[in-house]
Amino acid sequence: MSVQINITGSKGSVDLSDENFAASFKETLIHQVVTAYLAGGRSGTSAQKSRAQVSGGGKKPWRQKGTGRARAGTIRSPIFTGGGQTFARSTRDYSQKINRKMYRGAMRSIVSELARQERLLVVKEIAVKKPGTKEIAARLAKLNVNNGLIILAEEDNNVMLSVRNIPNIDITTVSNVDPVSLVAYEKVLITADAVKSLDEKLS
């Protein structure tokens, strides 16, 4: 079985796998994969030193009795300036394990839902002879794409340079597309070659 998606702005259509572009909507799976993807992007590098990690403090600062001051065993105590932190933050790994089958299932569900809602626009090609924001912006306006993601089959420096100054528009390639970008924009504009590559990638 295959599903046909019309090419926007020109005659013709693209035959795509029914498994990849007509999958059921699995909200729970999508939420889990998107959450895991965002968690994997967290650095988790915030860290502080505990009283065991700060330098110094090998000697008792003053004798136990007779000074009129509270007892102290080390200047590394959190109550002293330069001492360790009471509940010190440590480096942390926020990543969550998502297996390949779950990831592909979520991607299939997302692109299928985009196609059902007519938010997935397939165009024959997106190419410019030289970098220029004006030409690309005019094409997007004609397609009524004010907030969208552009997906190319492979990197095109001219197109990428042309898009980078347009607000609410992002661009990527099939090899770098991710679930967060797919759900973040109102529309997804993809070339005919790219949608075929995406079909192969999800199979």
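Nearest 5 percent is fine: what portion of the DSSP beta bridges confined to the chain is antiparallel?
Counting DSSP beta bridges with both partners in the chain, the antiparallel share is about 25 percent.
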- Among the GluC sites (Glu not before Pro) within the stretch 77-164, which fall in a DSSP loop and have no more than 15 other Cβ atoms within 10 Å of their own Cβ? 118, 125, 154, 155
- Task: With a Förster radius of 45 Å, plug the Cβ-Cβ distance of residue 127 and residue 91 into 1/(1 + (r/R0)^6) and report the FRET value to the nearest 0.05.
- Result: 0.50
- Distance (nanometres) between label positions extended 7 Å along Cα→Cβ at residue 81 and residue 186: 5.7
- Highest mean packing first, using Cβ neighbours within 10 angstrom, the peptides 100-106, 78-84 sort as 100-106, 78-84
- Query: Suppose R0 equals 41 Å; then what is the FRET efficiency for residue 18 and residue 99 from their Cβ-Cβ distance, rounded to the nearest 0.05?
  - Reply: 0.95
- Please report the orientation-averaged projected area of the stretch 1-149, defined via the convex hull of its C-alpha atoms, in nm². 17.3
- Message: Once you place label points 7 Å from the Cα toward the Cβ at residue 147 and residue 4, how far apart are they in nm?
- Response: 3.3
- Message: Testing the spin-label approximation: label points 7 Å from Cα along Cα→Cβ at residue 53 and residue 116. State their distance in nm.
- Response: 4.8
- Query: What percent of all Cα-Cα pairs in the stretch 47-90 falls in each 5 Å bin, counting up from 0?
  - Reply: 6, 25, 26, 19, 13, 8, 3, 1
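Bear in mind that the values in this text are calculations on the coordinates, not laboratory data. None of the values given here were measured: they were computed from a predicted structure. Note that we place each Cβ from the backbone using ideal geometry, even for glycine, and neighbour counts take in every protein chain shown.
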